[in-house]
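Presented below is the structure to which this report refers.
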Amino acid sequence: MSSGTGDKLGNIGIGYSASSSAINPGIRIAGRLKGDPKNLLRAETVVQAGTGSQTGTANRWGDYSTMQIDPADDCTFWYTTQYYGTTASFNWRTRVASFKFPNCQ
């Protein structure tokens with residue numbers, strides 16, 4: 001349930017679902033500049049806080065996650081994935097977010 005790509009400068013952006021026993025599944029993004037230390041991401045951003053969870057296992061969610069770079073500028077990252085709006089067996093919603101690093105113009 002994650003996806004990542006790079007911009008024209010070699011910066012990397014990733015998007016993913018985050019959940020635990022204390023938080024409902026939500027959407028987050030993070031990334032790193034090309035020159036940043038390896039194995040380290042900059043601070044993550046909460047795109048959508050989780051407001052519900054899936055009950056049961058009859059329906060799948062989160063399979064559709066993609067991070068793409070905008071071909072118009074090769075700098076803007078676009079990410080889309082799913083989250084749960086309320087606790088239910090089938091009630092996922094889709095969210096789209098975009099960002100770019102300040103060093104990429």
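The fraction of accessible area contributed by carbon and sulfur in the chain is 53 percent, rounded to a whole number (1.4 Å probe; ligands and nucleic acids excluded). Peptide packing: for 74-83, 41-50, 21-30, the average count of neighbouring Cβ atoms within 10 Å per residue gives the ranking 74-83, 21-30, 41-50, highest mean first.
Inter-part distance, the stretch 54-105 to the stretch 19-37, computed on C-alpha centroids, equals 12 Å. A 1.4 Å probe run over the stretch 13-105, with the rest of the protein chains in place, finds 59 Å² accessible per residue. For Rg and Dmax of the Cα atoms in Å, the value calculated from this model appears in (1) 14.8, 45; (2) 12.5, 37; (3) 18.9, 60 under label (1). Note on exposure: PHE101, PHE90 ranked by accessible area (1.4 Å probe, complete protein assembly) read PHE90, PHE101, with the most exposed listed first.
In percent, rounded to a whole number, the relative contact order of the chain is 26, using alpha-carbon pairs under 8 Å and six or more apart.
The values are calculated or read from the model by the stated rules, or taken from the named source; none is laboratory data. As the structure is a computational prediction, the values presented were derived from the model and not from experiment. Every residue, glycine as well, gets a Cβ built from its backbone with ideal geometry; the counts of neighbours run over all protein chains shown. Please note that ligands, DNA and RNA were not included when accessible areas were found on the heavy atoms of the full protein model with its side chains. Shrake-Rupley method; radii C 1.70, N 1.55, O 1.52, S 1.80 Å.
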